[in-house]
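The values are calculated or read from the model by the stated rules, or taken from the named source; none is laboratory data. None of the values given here were measured: they were computed from a predicted structure. Positions of Cβ are generated from backbone atoms using ideal geometry, with glycine treated the same way; all protein chains shown enter the neighbour counts. Surface accessibility is based on the protein's heavy atoms, side chains included, excluding ligands, DNA and RNA. Shrake-Rupley method; radii C 1.70, N 1.55, O 1.52, S 1.80 Å.
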Amino acid sequence: MYLWILLAVFAALLLYAVSLYNALVRIKHEVSRSWANIDVLLKQRHDELPKLVAVCQQYAQFEQATLTRVMEARAAIRNASRGGDITRIGELEGSLRALLGQIYAVAEAYPELKADQQFSLLSERISTLENAIADRRELYNEAVNINNVRIEQFPDVLIAKAMGFAKASPLRFSSQDKADVDIAALFGR
């Protein structure tokens with residue numbers, strides 16, 4: 001009789017451990033899926049940036065230094081993405097967004113550029129992608145939070161450590177993303 005009770009308790013513990021493991025795997029893959037959704041949007045936006053720069057370059061007086069910095073930031077983000085450095089990507093994305101703001105601010109001084117249909121379409125497309133990226137960031141950071149909490153909670157921590165589950169890095173905003181926008185500086189006043 002005691003042997004059956006012992007076997008039943010062991011089987012119950014084993015099933016519980018398996019269910020914890022499966023939950024942790026599901027959460028880990030949710031983090032990966034959430035990042036993949038952001039990555040797709042970032043790639044789409046990065047594909048649009050050279051087109052926007054090309055349109056701006058058609059206007060000879062347009063500030064070339066800003067356009068150069070945009071393309072350099074794009075290249076740096078691509079390198080960080082290849083390395084999987086989410087912290088660095090977050091920092092660089094903040095810089096890129098600030099540079100895009102500068103492009104739009106400088107464009108205010110060029111009525112022909114603002115009226116250009118390509119510029120209009122590209123800037124609208126990039127703005128739409130920016131909004132989608134912000135939404136996906138929120139989902140990604142929520143998935144990271146759930147993952148990190150679960151792998152630290154008891155009894156999940158036992159399974160997580162035994163099976164090598166790791167903390168995920170949230171996509172953090174740089175301090176300049178959190179600061180108020182200095183409109184006067186954008187317009188050179």
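Remarks
- Selection status of Asp156, over 26 Å from Glu63 (Cα atoms), among the acidic types (Asp, Glu) and over 18 Å from the mean Cα position of the chain (by Cα): yes
- The stretch 139-153 residues that are in contact (Cβ under 8 Å) with a residue 24 or more places away in the chain and within 9 Å of Val31 (Cβ to Cβ), paired with ones that are aliphatic (A, V, I, L, M) and part of a helix (DSSP H, G or I) (beta carbon under 6 Å, 6 or more apart): Tyr140/Ile38; Ala143/Val31; Val144/Val31; Ile146/Ile27; Asn147/Ile27; Asn147/Val31
- Checklist (1) under 26 Å from Val18 (Cα atoms); (2) modelled with pLDDT under 90 applied to Glu152, failing item: (2)
- Screening the candidates Leu24, Leu42 for the property of being under 30 Å from Gln117 (Cα atoms), aliphatic (A, V, I, L, M), surrounded by 12 or more Cβ atoms within 10 Å (Cβ to Cβ) and under 31 Å from the mean Cα position of the chain (by Cα) yields one hit, Leu42.
- Check on Val9, over 27 Å from the mean Cα position of the chain (by Cα), surrounded by fewer than 16 Cβ atoms within 10 Å (Cβ to Cβ) and not acidic (Asp, Glu): yes
- Which listed residue, of Ala134, Ala143, Ala168, is open to solvent by less than 70 Å² (accessible area, probe 1.4 Å), closer than 12 Å to Leu42 by Cα and of a type in the set (Gly, Ala, Ser): Ala134
- For the stretch 56-70, the count of residues that are β-branched (Val, Ile, Thr), surrounded by 13 or more Cβ atoms within 10 Å (Cβ to Cβ), modelled with pLDDT of 85 or more and within 13 Å of the chain's Cα centre (by Cα) is zero.
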